[in-house]
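Read-outs: derived from the displayed coordinates by stated rules, not from any lab. As the structure is a prediction and not an experimental result, all values here were calculated from the model. All Cβ positions, even for glycine, are placed from backbone atoms using ideal geometry, and neighbour counts span all protein chains on display.
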């Protein structure tokens, strides 16, 4: 028994089954990401401080170009089947999957950079000032405060900054992955070698300084627990990344089974590629919204 309307459109909707199904599925996806975008807006509007410039814009721009390119290649793969050119389909579909893997590779590089970059908070103002001067010299407090202010959009213009409020940002020797103060103390560490970020507009990093863990109030890499910003950043981008991975797996299945399906049911196979392409365009569209909101604003 054959399933009806796998090729011909249904008389009541004007769509074949798979196309109707993907539009219903994408409607639920719009609600999913719409809820997350709404949460982002509410969290940002309600925050006194919101980080700015903590993501790599050139890398994000490159990834945007990669994903947009994959939208073009997936359309070309579908068009190739409509023209009866199976070999061209394979070429364009392979390029689409390659773009997807490239996007995920770049994203993993970004994640690793965040997992190995740290902020440290000190137990009191006097201790903070001591380490700021150790990192940047006599103008240490001024330089650190300047970097702190530049990292945030100041929604609350009455905010008063004391040294204890300001984080010293940089890297721990050995680039440990996602550690924190509790883990270091459990490992019976007493000090860490910390290299602060280069001053704004500077090219040379300050020399490493030794920080006593007893002087710290908190230490965190740029993970979700670091701040509300990174919590929402990782939630949305990781969910989007899972969609990219899932889409790449499905498109890969179409690529590796193309010969069988082309011989068995070419029209139905062409429709499957169209449906897969619609999902892929949605994934690209989500990123087109994500990139300016999270990276640029």
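Once both labels are positioned 7 Å from their Cα atoms along Cα-to-Cβ, the gap between residue 86 and residue 121 label points is 6.2 nm. Here the label points at residue 210 and residue 228, each 7 Å from Cα along the C-beta direction, are separated by 4.0 nm in the simple model. Ellipticity at 222 nm from helices only: DSSP H runs of n ≥ 4 in the chain, each -39500 (n - 2.57), divided by the residue count, give -20000 deg cm²/dmol.
Can you tell me the FRET efficiency between residue 165 and residue 297 if r is taken as the Cβ-Cβ distance and R0 is 25 Å, rounded to the nearest 0.05?
Numbers: r = 24 Å, r/R0 = 0.95.
Computed FRET efficiency for residue 165 and residue 297: 0.60.
Here are some values of semi-axes √(5λ) of the Cα gyration tensor in Å: [x] 26, 23, 20; [y] 50, 20, 16; [z] 31, 20, 18. Which one was computed from this structure? Recomputing semi-axes √(5λ) of the Cα gyration tensor in Å here gives the entry labelled [y]. Between residue 12 and residue 173, the distance separating the two model label sites (each 7 Å from Cα on the Cα→Cβ line) works out to 7.2 nm. As a calculated quantity, the FRET efficiency between residue 57 and residue 249 at R0 = 35 Å, using C-beta atoms, amounts to about 0.75.
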